[in-house]
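Worksheet: the structure to be examined is printed underneath.
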Amino acid sequence: MDEVATPNNNKFKLWIGSGLAVLLVSAILGFIIYSNICPCETSPGGFLFGERVDEPVADWNLTTANEENLCQLQIWAGIRPHSINLNCMATPEGELFLSCSVCTRKYWAARVGEDESATLRLGNLVYPVVINRETDPRAMDRSFRARVEKLQHTDLETMVTPRPPLNQIRFDHWWTFRVTSRG
């Protein structure tokens, strides 16, 4: 039997289509609002918004990296953005690293490939960057020393990581990622 288009059938399809369109627009707007609020504490967020800095950064000491309690990093997890709060630190040489303790259990770290394009937010400034896991022990030690030094001056009320002693030795479970500007 052939189906005949009736006014009621067309109205039903219009209602279903309109409902799906409203649901899709609501989901997109909700995600954008969520992205404006998070990442917050340990909850991940979506997009990172802010004033984009397109000039290349050669010396991260000239940014607010060591003044921020936490920096924010956005990577892509499949088709969606995934952003987090984490410690970042600039070495005296101007290199920038991200700190990651017990990183094998971190959702974001498992999704970072070689030369991973990412977005880094320091305060209200957003930098296009490339991140790579650092495995050279000397570079890891430089990064860890910068982390220990930075944490000596971090605001205790908003501090997530306990203040380490100055002679703290790098933990075996600690990873670091090198951040390179792609501006």
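Sorting check: for 127-134, 111-118, 11-18, 79-86, which peptide has the highest mean count of neighbouring beta carbons within 10 Å, and how do the rest follow? Walk me through the numbers before you get to the answer.
Numbers: 127-134: 18.6, 111-118: 14.1, 11-18: 10.2, 79-86: 16.9.
Per-residue mean Cβ counts within 10 Å order the peptides as 127-134, 79-86, 111-118, 11-18.
To the nearest 20 debye, what is the magnitude of the charge dipole of segment 51-181 about its Cα centre, counting +1 on the Cβ of each Lys and Arg and -1 on the Cβ of each Asp and Glu?
Working: 15 positive and 18 negative charges, 111 e Å.
Around 540 debye, computed over segment 51-181.
Go through segment 107-120 residue by residue and turn each phi into a ³J(HN,Hα) via Karplus (6.51, -1.76, 1.60, θ = phi - 60°); whole Hz please, and just put x for glycine and proline.
For segment 107-120, the Karplus-derived couplings read 4, 5, 5, 5, 9, 8, x, 5, 6, 6, 6, 8, 10, 10 Hz, x marking Gly and Pro.
Could you compute how fast segment 51-181 diffuses translationally, taking Rh as the Kirkwood radius over C-alpha pairs and applying Stokes-Einstein at 4 °C with viscosity 1.567 mPa s? Give it in µm² per second.
Details: Rh = 14.9 Å.
Stokes-Einstein gives a translational diffusion coefficient of 87 µm²/s.
Starting from the exponent 0.38 and prefactor 2.2 Å, build the expected Rg for segment 111-172 from its residue count and divide its actual Cα Rg by it. Walk me through the numbers on the way to the answer.
Numbers: Rg = 14.2 Å, N = 62, 2.2 N^0.38 = 10.6 Å.
Taking the Cα Rg and dividing by 2.2 N^0.38 Å, one obtains 1.34.
With θ set to phi - 60°, apply the Karplus curve 6.51 cos²θ - 1.76 cosθ + 1.60 along segment 73-87 and write out the HN-Hα couplings as whole Hz, x wherever there is a Gly or Pro.
Values, residue by residue: 10, 10, 10, 9, 10, x, 9, 10, x, 9, 10, 9, 9, 7, 6 Hz.
Readers should treat all values here as calculations from the given coordinates under stated rules, not as data from a laboratory. For clarity, every value in this text was computed on a predicted model and none was experimentally measured. Please note: Cβ atoms are built from the backbone with ideal geometry, for glycine as well, and neighbour counts cover all protein chains shown.
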